[in-house]
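J.: My questions will all concern the structure given below.
Nothing in this text is a laboratory measurement; each read-out follows from the coordinates by a stated rule. In this text, all values refer to a predicted model and were calculated from it rather than measured experimentally. Every residue, glycine as well, gets a Cβ built from its backbone with ideal geometry; the counts of neighbours run over all protein chains shown.
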Amino acid sequence: MARGKTKPKRTGQRTFSSVEEILAGTSSRPSTFTQREAKYNEDEESKRGFRQESEEESDDETEKEQKQKGIQGLIEINNPNWVKPKNVKVRDIDIGKTTELSRREREEIEKQEANERHMKRQEQGKTEKARNNLERLALIRQEREEAAKKREEEKAVKEQRKAEARK
């Protein structure tokens, strides 16, 4: 057996397989590695033979085999980030199709419509607040008219006094 040029370490000396040992199959490689390699080769050969015998397998089974890595085969997870986005072509788009509004958008539109209805009713004087405002405005107008009449009377009285004083 050939030995490396480095000094031996506490764990043992390094050993390298020669070409003759590798060809003879008596190399100092761990047996587990050769067993794994042999098993892998058998699996590959069986898969090739199996593919030739049944080419009519469904695509679903092959996809499941590809997806199952680690724990993924045990637990089904629906992650939207894992789904590849579908590209939609312009010719495939339906122009007549209406899009649905989200809850927030619907609530916002309903709120605006309710506000508009309330404002219309208020302009027509059908709400209690509008009635109170109209009554208050009527009182203010009446007070202003009375104040204007009073001023006119006072003005007329002043003119009469001036006219009397001139005579």
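J.: Highest first, please rank the peptides 16-22, 102-108 by the mean number of other Cβ atoms sitting within 10 Å of their residues.
T.: Listed from highest to lowest mean packing, they are 16-22, 102-108.
J.: Sticking with the crude label model, points 7 Å out along Cα→Cβ, report the distance from Lys47 to Arg151 in nm, one decimal please.
T.: 10.2 nm
J.: Count the lysine pairs in the range 102-166 whose Cα atoms sit under 16 Å apart, keeping only pairs 8 or more residues apart in sequence or on different chains.
T.: On the way: Lys111/Lys120; Lys120/Lys129; Lys149/Lys158; Lys150/Lys158.
Lysine pairs, 8 or more places apart or on different chains, close enough: 4.
J.: Rg and Dmax of the range 102-166, Cα atoms, in Å?
T.: Looking at the range 102-166, its Cα Rg and Dmax stand at 24.7, 84 Å.
J.: Could you give me the ³J(HN,Hα) list for the range 145-151, computed from phi with Karplus coefficients 6.51, -1.76, 1.60 and θ = phi - 60°, whole Hz, x at Gly and Pro?
T.: With coefficients 6.51, -1.76 and 1.60, one gets 4, 5, 5, 5, 5, 4, 4 Hz.
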